Every structure is written in structure tokens, then in C-alpha cells.
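Report on the following structure.
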Amino acid sequence: MRKTLEPLRQEAISNWQKLQNFDKPIIMVGAATCGRASGALDVMHAIGDKLKELDIEAIVRQVGCVGMCHSEVLVDIIKPGRPRITYANITPDLSKELVEDYLVHENAREDLAICVSDDTPEDDLQVRVVMRNCGHIDPNSITDYLAQDGYMGLAKALEMTPQEIIDEVKESGLRGRGGGGFPAGRKWESCLRVDADQKYVICNADEGDPGAFMDRSVLEGDPHSVIEGMAIAGYAIGATKGILYVRAEYPLAIRQLKIAIEQAKERNLLGKNILGSGFDFELDIFQGAGAFVCGESTALVLSIEGRRGMPKPLPRPRTSEEGLWGKPTLLNNVKTFACVAQIIHRGTDWFKSIGTENCPGTAVFALTGKINKSGLIEVPMGIQLEKIINDIGGGVAGGRAFKAVQTGGPSGGCLPPEMLNLPVDFDSLTAAGSMMGSGGMVVMDDTTCMVDVARYFLEFSLEESCGQCTPCRAGTEQMLTILNDISQGKGREGDIDLLVEMGEAIIDGSICGLGQSAPNPVLSTIRYFREEYEAHIRNKECPAKACKELITYTIDAEKCSACGRCLKACPSEAITGAKKTPHAIDAEKCDKCGICFTECPDRFAAIQITTGRTENSN
Amino acid sequence: MEKEDMKFQEIFSQYNGEREELIPILQDTQAIYGYLPEQAMRAIARFMRIPQSQVYGVATFFGQFYFSRRGKHAIKVCLGTACHVKGAGRLMEAFEREMGIGCGCITDDYSFSLERVNCVGACAIAPVVMVGEDVYGHVESKRVKEVLDIYAKDS
Ligand SMILES: Cc1cc2nc3c(=O)[nH]c(=O)nc-3n(C[C@H](O)[C@H](O)[C@H](O)COP(=O)(O)O)c2cc1C
Ligand code: SF4
Ligand code: SF4
Ligand code: FES
């Protein structure tokens, strides 16, 4: 089958090389969701206009997300015979300057450039496996993908027996990237073992974690890598049908996938008799309708069947044996499939050379929150947390103190500064009371309240609970009531122990992963930040000065220069003052919106926030 | 009403009435109307030969579906984790104050509705607000009016 692929591949490589050695400049704009949100499409138009105005011939290409979301819009320029230069924080106006300065006047605008190289910018702590093509290739071009050894894994797999493929996947040690870290090879094998006239492969791209967008970026930036992995899985377990279960909120990813599927069909990489191997594989997209619990395998299957997405009661059959329409169904995450094609193509030794013994390969995180360089990162498993936050993320934003990092979303937990030397992999994070999860990583500083964070995640789980288990439905609600009380200064002695007890009962009494992990954010914050809960309960104090009911806004008359900005901005008309008269806040009227705090110029910093019994016992 | 029927027929003509088509049909219907009108729910039940209660049962389970008319401009404040940590809760309050409606509501003239979303994939520029397909980053409370004004002209 590799022979059949060869002509396609050669053509793609020669196209790619032509592009690299093109005698006109190539301009690439990062236009995934994050780029578009920062104005990438406007930048593209501006560049197009300027090129026309100056009558310059150049190729303008759209690429996916390289992960440096903090510096969007990113523009790369390759002039013939020159290295690739990456420019950051480009606006439409800057892009016009850049085109004129560099393409006409030979001024490479070093002031705007962040790196000059042919490979991935940034730092060498990152290893690109899942995201290797993101930001490099045009996701709408299958030839771009083919030129990066795309579909080589599939072609090779089709020359192997299903068992050989599964042995390779097992040997590679690949664990599912959807959060649980279940060994992929074992799951594949149990699908293979069941005899059935029809089997299915489903890709879980529901990505329900409210702070995560890794799967979306892979689908937007390199859709073929997932398609190829799914086709290999289909051949390995004996399935001829695959379904991509994508959140309906991801319109760009869905558009990109539809194009990619068509392109693959046209080249006989999907459809009947793939590459002349006799293997048929068809791929459809199902749009998830916005229920977090549908990330759970039995709920996901029910929702495809047109039913309410309620996890099946225990004891329930394994989806790999009895899934969609009662047939054996293989469910893996987007990143799991994206790893597979490369494992088959590059071999298990290569894969095992990255990461740790128990968790080979890389982890992809959406690094966000109070961090200098937020964005998508891909690191070898086992890297220390501290390296991610300080070396890759550039440390806590605004020079503030690091307080905690949250991983695993609503199922995970918060880790304190003492845990910064923790190696990041499935097992270590679970042991520390958090979770790898799907890959959200949120950094928090001393202005983030841990009670509030726990409350936030619990509220999310409660809203998303399907309601069939009483502990999950009613228990989380009770816990939330207690947390709300604590954050409003109505907490009582004993509340913390009660929360722990209830959390444990909910974990024991729930039938699916949602209920079984919903208390984790609360339990982990109690474990590491108990004194913060105690401050709320005993002193009616929010040390992070975040809980509205426990803080008071005042103006320091000595610092106030009576500029009147806060007075104008206050939506509640709570501020009084006049020219040359220091302003004051009427606590009765103050809505604690915080606008005055941001309005007051830094050089005065006259607005004060106080908290706690002693300070505001007025 | 007849014209409405035509629209339903157009959607139904692409389906066979199999159970697994229910969610895609609901999605197509919402794509046309912006919500799921009662008539449409009746027509879907008839087309699929299932009780209306089952159509509602499925539709109400999923967060994507609406059962009342939406505003012309849907303001969606991201309350995902990164945005929450950067003060999206207060931002939502600011929108509620400025628009005079609560989250999940529509202005009287149907020009705006206010909703929450979870992570739109632009955490690096949190807090984030979406209006239709437009994304705004670093939205501080004091920029609320500015964002609304852009769309107020066109309603
Ligand atoms: C409530 C809940 C939500 C989940 N959400 C997701 C999700 O968004 N994406 C995902 O890949 N897996 C999710 N999972 C895990 C999946 O059920 C399943 O284990 C996973 O997709 C298997 O793929 P993997 O073995 O490649 O990790 C969720 C599980 C639960 C219980
Ligand atoms: S644990 Fe919660 S979400 Fe899961 S089945 Fe039970 S009630 Fe539903
Ligand atoms: S916090 Fe808000 S309501 Fe209170 S004084 Fe400041 S601007 Fe006014
Ligand atoms: S949390 Fe708001 S965009 Fe991600």
C-alpha cells in the first residue's frame, strides 16, 4: 500500500519543496480560533490590500495555531532564500508596514520579530508530536499533510495484520489522552476480540472541560492526523464506519474536518478499497449538542442514537464490546488518534523515547490564567510542573506570587507551590489529588480565591449532572450551598469536615465519571488550602480579596488626587467628591463591581480593598 | 403557516425519519429559526412518528437548544475557567447592568440576548465576549458599553 501512496506523496513533496523554494515571498497568518479572535482575518485582508497596492506577488497562506496564543496575531514571512521570520502581535496597520518595510525596503523589522528559524519557535522544552503540523501546514491542504509523511502510517498499517498493529500500539505504551489514561492497545484489543458484523470507531471531540481547547486546535490545525489515526483504528479492530463526535460550538473545526474528509475521499484514503487494500472506511461527523456528560462513553453513544445522554446504569457493558447500536465501538480522544499514525509510521522505539516509562509520549495543555505566555503547549510526559509554568509560560503575570495551578478541569484539582517539582503525568497528578484530565492548566495568583475556584467547578458539575444519581444531583447541590455560605461569610465551624464527608460520599455513590470526580476541586483545595477556608469561616475574611460579600472598597484620602475618574465610572453612583476634595465611597450604595479599582490611575492607587473582621468592623 | 411547512419539509427531505436523525434535525431547525418553535417540535414528532414528549425530552437535555426567540445579536460572555479567573463573573454583571436584563434573557425589542458560554478557545485574551461570530478579548467592565454600541446601531 505504501507503493500506491508513493505517487501522491511524491507529488505532495515536490509541491511542498516548490513552495519552500518559491521565488516569491510567502506570508503565513495563524488563523485558528485564537488568531481570528485577535483579528487574523483583518490582518490577512490588510496584507492582501497592501500587496495589491504595491503590486508585489506573494503567496498568503492560512495556517493553524502554533500555540503562542499570547502573541496573536502571528505572521510568518519567508523571503526567497531567507529563513522564516515569525512576527508577533501584528495588527492590520502593522502588517501593512511590515509588508512594505521587509518586502520593498529590505528592512526585516526586527522590532516586531520574535524568532528567526525554520523550526518551531519558542523553547526546546517542548516536543511536538500531536501538534507537529499545527501552524506549519495549511489545514485545508491534504498535499501539505502528505508532504509531512502524512498517511504513511495508514499505508504501512494496511500492510500489517490487525493483531500486528494492536501489538505495536500496546508496545508503544500509548495511553488514552481523553483524561483517564487507559492503555489504548488494550482497548483496541478488546474491540478486536468481539465477533460482530459491524463495528464502529468514534473520536471523542466533545471537549467539555470549560477551560480547554487543545482538541479543537488539533482539529483546526491538522485534521488529517486525526482522520488517519481513525482509519488505522478501523482497520485494526475491523470497523468500516467512523464517527467524529465534535461539539457544535466548534464551527471552524467542523468546517475544516468536512473539507479534510472530502479531500481524503478524493484520493482514496477514505472510502472503498483504501489504497487498493480491500479495506473500506467511511467517516461521518456528529455534532454534539452541548452536554458535558456526553463525554462519557455510554452517554455519548446514546446521544448519537438520538436519545438523552444519560450514562447507562451499572453494571453496564463496556462500550468496546457493546457500544453504538449494541456493536463493539472503539472510543478514543482526538489526541490519542493523532498519536497513532505516527507510532505506526515512526515506530514504538521513537514514541517510547519521549516521556516516561509508564507514560510515553507528550502531553498537550491549554496553559491559561494568570500566566505571562498563555497558549497551547506540548511537553514530554514527566516534565516538572515548575518548568511548564516558569520556563515555558514565562511565570506568573504581572510579577505576582504563584498560588496554585489547576489541572483536569471540573474533575481535577488545584496544586500549591510546594508541588511545583511534581512530574506531570497521569499517575503523579492523580496521586497528588488532581488529574491530567483532557489538558486544561490554569495558573492562579494571590488574587485568586481557592474557595471561589472550588465553587466555580462544583457549580459547573451540578449544572451538567444528568441527575439520575441522587448523590451527584442532590449532594453537589448541598456542597454548593455550603460553599456559597462560606464565600458569603456565613460559613460555620465544621463546614470543612462536612464538605469532605459529603465529597467522599458523592464519589462513592455516583455511577459515572462526572459524579465520581465532581468533588475533586473542593477536596483538593481543602487539602492544600485549608487555612483559606478557615479564614473565610472564622474571620469572615477572603485573603485573595475576591469574594464580594467579604470585601469593602474605600478610598485612601491621602492618595486620592481628586481626579474624578472613579466618580465618573462608578455605575452605582456610590462615589462622592469634588475638585480638590478627596473622593469617598458610600458603602451602602457600592455594588463592589471593582470598576473604580481599575479606573484609578496606577500612580495614585488610591482605591483600597479591605477584608476581614478586624479591618472593616465599622 | 404554509410557508413554514415548506421549510420543515425542506429539512425533512434530507432525512428518513430514523431515530438517530433526531438531534441533527433539531440542529437544522434551530439553524433556521434561531430556536425551536412549538410548531416545529410538533412537525418533527409527526415526521419521526414519536410522541412530542420524546422530542422535548431529548431537546431539553442538551444545552444547545432554545425554546424561545433569541435576540438579533446574541451576546455571549465566556464563563470558562480562564475567563472566570480573570474576572468574567463581574463582567457578566456589568453586561446585565448595562443591558438591563439577566443572563439567559432577551431585551424587550428582541435586539439583544445575553448568554453565557464555556471557553471559546481564546483563553489567552480572557475575559472574552462573543457577539454572533465576532470575538472580543480583554473585555474589561468599562468596555461593555463600547461593545454594545457597535451592534446597537444595527438593530
Ligand atoms: C463526564 C465525562 C466527560 C468526559 N469528557 C470527555 C471529553 O470531553 N473528551 C474526551 O476525549 N474524553 C472525555 N471523557 C472520557 C471519555 O469517556 C473516554 O474515556 C475517552 O474519550 C476515551 O478516550 P481515550 O482512551 O483516548 O482517553 C469524559 C468522561 C466523563 C465521565
Ligand atoms: S454520576 Fe451524575 S452525571 Fe453521572 S450518571 Fe450519575 S447523576 Fe448522571
Ligand atoms: S466598586 Fe463599583 S460600585 Fe463600588 S464604588 Fe467602585 S465603581 Fe462604584
Ligand atoms: S475560558 Fe474563556 S475563552 Fe477559554
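The values are calculated or read from the model by the stated rules, or taken from the named source; none is laboratory data. The structure presented is a predicted model; accordingly, all values stated were derived computationally and were not measured. Counting neighbours? That spans all protein chains shown, and the Cβs are built from the backbone with ideal geometry, glycine included. These accessible areas exclude ligands, DNA and RNA; they are computed on the full protein's heavy atoms, side chains included. Shrake-Rupley method; radii C 1.70, N 1.55, O 1.52, S 1.80 Å.
Looking at A:Glu171, A:Glu164, A:Glu207, which is the one that is assigned to a loop (DSSP other than H, G, I, E, B) and either at positive phi or open to solvent by 40 Å² or more (accessible area, probe 1.4 Å) (or both)?
A:Glu207
Residue-wise test of (1) in contact with a Leu (Cβ under 9 Å, 6 or more places away or on another chain); (2) in a loop (DSSP other than H, G, I, E, B).
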| position | (1), (2) |
| --- | --- |
| A:Ile344 | yes, no |
| A:Glu357 | no, yes |
| A:Glu378 | no, no |
| A:Gly382 | no, yes |
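Between B:Met92, B:Met48, B:Met99, which is closer than 27 Å to A:Gly409 by Cα and either among the aliphatic types (A, V, I, L, M) or in contact with a His (Cβ under 6 Å, 6 or more places away or on another chain) (or both)?
B:Met92 is the lone residue from the list that is closer than 27 Å to A:Gly409 by Cα and either among the aliphatic types (A, V, I, L, M) or in contact with a His (Cβ under 6 Å, 6 or more places away or on another chain) (or both).
Out of A:Lys373, A:Lys387, I need the residue that is in a loop (DSSP other than H, G, I, E, B), closer than 22 Å to A:Phe213 by Cα, of a type in the set (D, E, K, R) and open to solvent by 10 Å² or more (accessible area, probe 1.4 Å). Which one?
It is A:Lys373.
What's the total number of residues in the range A:249-265 that are in contact (Cβ under 8 Å) with a residue 40 or more places away in the chain and open to solvent by 20 Å² or more (accessible area, probe 1.4 Å)?
Looking only at that region, the number is 3.
Of all residues in the range A:61-83, which are within 14 Å of chain B (Cβ to nearest Cβ) and either under 20 Å from A:Trp16 (Cα atoms) or in a helix (DSSP H, G or I) (or both)?
Once the filter is applied, which keeps residues that are within 14 Å of chain B (Cβ to nearest Cβ) and either under 20 Å from A:Trp16 (Cα atoms) or in a helix (DSSP H, G or I) (or both), the range A:61-83 yields A:Gly64, A:Cys65, A:Val66, A:Cys69, A:His70, A:Ser71.
Kindly provide the set of residues from the range A:486-509 that are open to solvent by less than 60 Å² (accessible area, probe 1.4 Å) and either under 16 Å from A:Pro543 (Cα atoms) or not in a helix (DSSP H, G or I) (or both), ordered by number.
A:Ile486, A:Ser487, A:Gly489, A:Gly491, A:Gly494
Is one or more of the residues making up the range A:268-285 within 14 Å of another protein chain (Cβ to nearest Cβ) and away from ligand 1 (no atom under 11 Å from the Cβ)?
Looking for residues that are within 14 Å of another protein chain (Cβ to nearest Cβ) and away from ligand 1 (no atom under 11 Å from the Cβ), one finds at least one in the range A:268-285, hence yes.
How about the range A:174-196: which of its residues are without any contact (Cβ under 8 Å) to a residue 24 or more places away in the chain and either among the small types (Gly, Ala, Ser) or part of a loop (DSSP other than H, G, I, E, B) (or both)?
Scanning the range A:174-196 gives A:Phe182, A:Gly185, A:Asp195.
Condition (residue is more than 14 Å from chain A (Cβ to nearest Cβ) and part of a loop (DSSP other than H, G, I, E, B)) applied to the range B:129-152: is it met by at least one residue?
No, because not a single residue in the range B:129-152 is more than 14 Å from chain A (Cβ to nearest Cβ) and part of a loop (DSSP other than H, G, I, E, B).
Within the range B:77-93, is even one residue closer than 29 Å to A:Thr448 by Cα and in a strand (DSSP E or B)?
Yes; the residues of the range B:77-93 include at least one that is closer than 29 Å to A:Thr448 by Cα and in a strand (DSSP E or B).
Take the residues in the range B:94-128 that are of a type in the set (D, E, K, R) and not in a strand (DSSP E or B), then tell me which one is farthest from ligand 3 (Cβ to nearest atom).
Restricting to residues being of a type in the set (D, E, K, R) and not in a strand (DSSP E or B), the top hit is B:Asp109.
In the range B:59-110, which residues are within 16 Å of ligand 2 (Cβ to nearest atom) and open to solvent by less than 50 Å² (accessible area, probe 1.4 Å)?
Passing the criteria: B:Phe61, B:Phe62.
Going through A:Gly295, A:Gly276 one at a time, which residue ends up being within 24 Å of B:Ile23 (Cα to Cα) and either more than 16 Å from ligand 2 (Cβ to nearest atom) or surrounded by 24 or more Cβ atoms within 10 Å (Cβ to Cβ) (or both)?
Selected residue: A:Gly295, the only one of A:Gly295, A:Gly276 that is within 24 Å of B:Ile23 (Cα to Cα) and either more than 16 Å from ligand 2 (Cβ to nearest atom) or surrounded by 24 or more Cβ atoms within 10 Å (Cβ to Cβ) (or both).
What pairs can you find where one residue is in the range A:3-24 and free of Cβ contacts under 8 Å to residues at least 60 places away in the same chain, the other is in a loop (DSSP other than H, G, I, E, B), and their Cβ atoms are less than 7 Å apart, with a gap of 6+ or different chains?
Here the result reads A:Phe22/A:Pro80; A:Asp23/A:Pro80; A:Lys24/A:Glu57; A:Lys24/A:Ala58; A:Lys24/A:Pro80, each pair linking the range A:3-24 to a residue that is in a loop (DSSP other than H, G, I, E, B).
Every residue, every condition in (1) within 16 Å of ligand 1 (Cβ to nearest atom); (2) farther than 20 Å from A:Met419 by Cβ, yes or no:
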residue	(1), (2)
A:Ile486	no, yes
A:Asp497	no, yes
A:Glu504	no, yes
A:Ser510	yes, yes
A:Gly515	yes, yes
A:Val522	no, no
A:Ile526	no, no
A:Phe529	no, no
A:Ile537	no, yes
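I'd like to know if the range A:436-458 contains one or more residues that are within 14 Å of chain B (Cβ to nearest Cβ), within 16 Å of ligand 2 (Cβ to nearest atom) and open to solvent by 40 Å² or more (accessible area, probe 1.4 Å).
The answer is no, given that none of the residues of the range A:436-458 is within 14 Å of chain B (Cβ to nearest Cβ), within 16 Å of ligand 2 (Cβ to nearest atom) and open to solvent by 40 Å² or more (accessible area, probe 1.4 Å).
Look at A:Glu296 and say whether it is under 23 Å from A:Gly234 (Cα atoms) and within 14 Å of chain B (Cβ to nearest Cβ).
Judged against the criteria, A:Glu296 is a match.
Kindly indicate the residue of the range A:38-91 that is within 21 Å of the chain's Cα centre (by Cα) and β-branched (Val, Ile, Thr) and also nearest to A:Gln126 (Cα to Cα) among those meeting that condition.
Taking the candidates together, the pick is A:Val66.
Please work out which residue is farthest from ligand 3 (Cβ to nearest atom), limiting yourself to the range A:342-360 and to residues that are within 17 Å of A:Ile166 (Cα to Cα) and touching a Phe, Trp or Tyr at 6+ places or on another chain (Cβ under 8 Å).
Result: A:Ile343.
For the range A:186-215, name all the residues that are within 11 Å of ligand 1 (Cβ to nearest atom) and of a type outside the set (Gly, Ala, Ser).
A:Arg186, A:Lys187, A:Trp188, A:Ile202, A:Cys203, A:Asn204, A:Asp206, A:Glu207, A:Asp209, A:Pro210, A:Met214, A:Asp215
Table: residues versus (1) of a type in the set (D, E, K, R); (2) facing another protein chain (nearest Cβ under 10 Å).
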site: B:Ile11; (1), (2): no, no
site: B:Gln14; (1), (2): no, no
site: B:Ile44; (1), (2): no, no
site: B:Arg49; (1), (2): yes, no
site: B:Ser53; (1), (2): no, no
site: B:Phe65; (1), (2): no, yes
site: B:Arg70; (1), (2): yes, no
site: B:Thr81; (1), (2): no, yes
